[in-house]
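Notes follow the structure.
The values are calculated or read from the model by the stated rules, or taken from the named source; none is laboratory data. Model, not experiment: these values are computed from the prediction. Cβ sites come from the backbone with ideal geometry, for glycine too, and all protein chains shown count toward neighbours.
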Amino acid sequence: MSGEPAPILLRGGRIVDAAAGIDREGDVLIARGRIAKIAPGARIDAPAEARTVDCGGKIVCAGLVDPHVHLREPGGEAKETIETGAAAAIAGGFTTVCCMPNTNPAIDTPTVVRYVQHAARHVPASVFVVAAATVGRKGEQLAPMASMAAAGAVGFSDDGEGIANPAMMRKVLEVCAALGKPFMQHCQDAQLSEGGVMNEGPVATRLGLLPWPREAEELMLERDVRLNRSIGARYHAQHLSSGGSAGILRRARAEGNRVSGEVSPHHLLLTDEACEGYDTQAKMNPPLRTARDIAELKEAVADGTIDVLATDHAPHTAAEKARDFASAPFGIMRAMSRP
């Protein structure tokens with residue numbers, strides 16, 4: 001039919017389709033904007049008008065999902081917008097992202113949920129809204145969670161802030177259980193990590209930088225899974241950095257607790273030694289830790305304790321990252337080499 005795009009033959013890529021149990025090299029034919037044929041372990045005879053793309057050495061799979069991104073809008077458009085963030089996602093192969101609520105204002109009302117949905121209506125990636133569980137993400141007062149869920153929020157998080165008050169945390173878990181929505185926790189005890197800018201250890205001591213101990217993450221995670229034993233909410237631990245956290249998650253899952261976890265690429269690839277030279281690009285929240293933590297996190301990914309990888313995409317301006325290490329914001333602006 002005139003005006004239809006020409007078929008595309010993806011030749012010789014590694015086809016990965018977990019739902020169908022496929023992980024094998026082969027061909028994929030796309031016609032009329034849809035997948036017309038998948039041939040793992042075989043070749044497809046290309047239609048005469050087809051454009052053939054050599055996918056040797058590459059993975060061919062469904063669009064990736066990133067459950068943890070910061071699109072900065074509303075309020076932080078100098079760093080990112082929903083449009084630019086969605087474009088970056090598509091460029092990396094992500095067709096679906098979940099945006100966090102630490103915007104300005106926070107996504108803590110149905111109005112702001114709908115604002116983000118409206119802004120995302122024409123972007124190339126699907127953008128799902130994770131709303132704040134407490135007003136202003138301050139951990140003091142429940143946000144209107146039911147009405148935000150009705151408006152389309154897919155889950156709740158005070159990301160960037162761990163909910164410190166255990167009574168409030170219990171209420172949040174109970175509401176999430178009643179609504180059938182997950183809670184995504186930023187596991188950080190603010191008192192233990194107060195002033196900390198990098199992992200507690202020899203590197204921090206040598207650089208004279210204030211430490212951020214792994215216990216700040218582990219203690220909040222341990223508390224939360226204990227609270228959730230009798231509640232049964234869907235609890236998700238964000239951007240785990242400590243190998244000890246993987247152990248806590250593993251034990252909780254073995255007990256039947258409805259908990260899951262994620263880890264970000266930088267916590268699987270880089271150690272706190274990347275902070276040498278006061279390189280602010282290596283200043284992360286949570287901080288980069290040690291080779292032992294990396295090994296334990298990778299083991300947790302391999303055995304299914306950690307369910308998903310998440311980028312924690314959180315852009316900043318160049319001027320912000322040019323500050324001294326103590327005052328620069330957490331996050332990466334450029335690619336970093338593995339030590």
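Among the candidates ALA177, ALA133, the residue that is of a type in the set (Gly, Ala, Ser), modelled with pLDDT of 95 or more and under 27 Å from THR81 (Cβ atoms) is uniquely ALA133.
Looking across the stretch 1-20, the residues that are within 30 Å of the chain's Cα centre (by Cα) and at pLDDT below 95 come down to ASP17, ALA18, ALA19, ALA20. For the stretch 249-286, which positions are in contact with a His (Cβ under 8 Å, 6 or more places away or on another chain), among the small types (Gly, Ala, Ser) and more than 16 Å from GLU222 (Cα to Cα)? The answer is SER264, and nothing else.
Of all the numbered requirements in (1) within 16 Å of the chain's Cα centre (by Cα); (2) more than 23 Å from ALA190 (Cβ to Cβ), GLU276 misses one, and that requirement is (1). Total residues in the stretch 126-158 satisfying the condition of being buried (at least 23 other Cβ atoms within 10 Å of the Cβ) and in a loop (DSSP other than H, G, I, E, B): the figure is 6.
Could you grab me the full set of residues in the stretch 45-62 that are in a loop (DSSP other than H, G, I, E, B) and either modelled with pLDDT of 95 or more or among the charged types (D, E, K, R) (or both)? Hits for the stretch 45-62 are ASP45, GLU49, CYS55, GLY56, GLY57, LYS58.
Restricting the stretch 287-329 to residues that are closer than 22 Å to VAL65 by Cα and polar (S, T, N, Q) leaves a set whose member that is surrounded by the most Cβ atoms within 10 Å (Cβ to Cβ) is THR305. Every listed requirement among (1) in contact (Cβ under 8 Å) with a residue 24 or more places away in the chain; (2) over 21 Å from PHE156 (Cα atoms); (3) in the same structural domain as ALA150 (by TED's automatic domain parsing) is met by GLU49 save one, (3).
Of all residues in the stretch 244-278, those satisfying the criterion of being closer than 24 Å to GLY195 by Cβ, touching a residue at least 12 places away in the same chain (Cβ under 8 Å) and not β-branched (Val, Ile, Thr) are GLY244, SER245, SER264, HIS266, HIS267, LEU270, ASP272, GLU273, ALA274, CYS275, GLU276, TYR278.
When PRO329 is tested against the conditions (1) part of a loop (DSSP other than H, G, I, E, B); (2) in the same structural domain as ASP159 (by TED's automatic domain parsing); (3) not aromatic (Phe, Trp, Tyr), the lone failure is (2).
Considering the stretch 202-287, the qualifying helices (runs of 4 or more DSSP H), each wholly inside and each with 3 or more residues that are of a type in the set (A, V, I, L, M), run over 202-207, 215-228, 243-254. Looking at THR96, is it without any contact (Cβ under 8 Å) to a residue 40 or more places away in the chain, surrounded by fewer than 20 Cβ atoms within 10 Å (Cβ to Cβ) and either of a type outside the set (Phe, Trp, Tyr) or over 20 Å from GLU77 (Cβ atoms) (or both)? Taking the combined requirement at face value, the residue satisfies it. So for the stretch 65-80 (the condition being part of a strand (DSSP E or B) and either among the acidic types (Asp, Glu) or surrounded by fewer than 18 Cβ atoms within 10 Å (Cβ to Cβ) (or both)), does at least one residue qualify? Yes, the stretch 65-80 contains a residue that is part of a strand (DSSP E or B) and either among the acidic types (Asp, Glu) or surrounded by fewer than 18 Cβ atoms within 10 Å (Cβ to Cβ) (or both). The residues of the stretch 159-181 that are under 20 Å from ALA310 (Cβ atoms), buried (at least 21 other Cβ atoms within 10 Å of the Cβ) and not β-branched (Val, Ile, Thr), listed by number, are ASP159, GLY162, CYS176, LYS181.
One line per residue, one yes/no per condition, for (1) closer than 16 Å to ALA237 by Cβ; (2) hydrophobic (A, V, I, L, M, F, W, C); (3) touching a residue at least 12 places away in the same chain (Cβ under 8 Å):
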site	(1), (2), (3)
VAL130	yes, yes, yes
MET148	no, yes, yes
MET169	yes, yes, yes
HIS186	yes, no, yes
LEU192	no, yes, yes
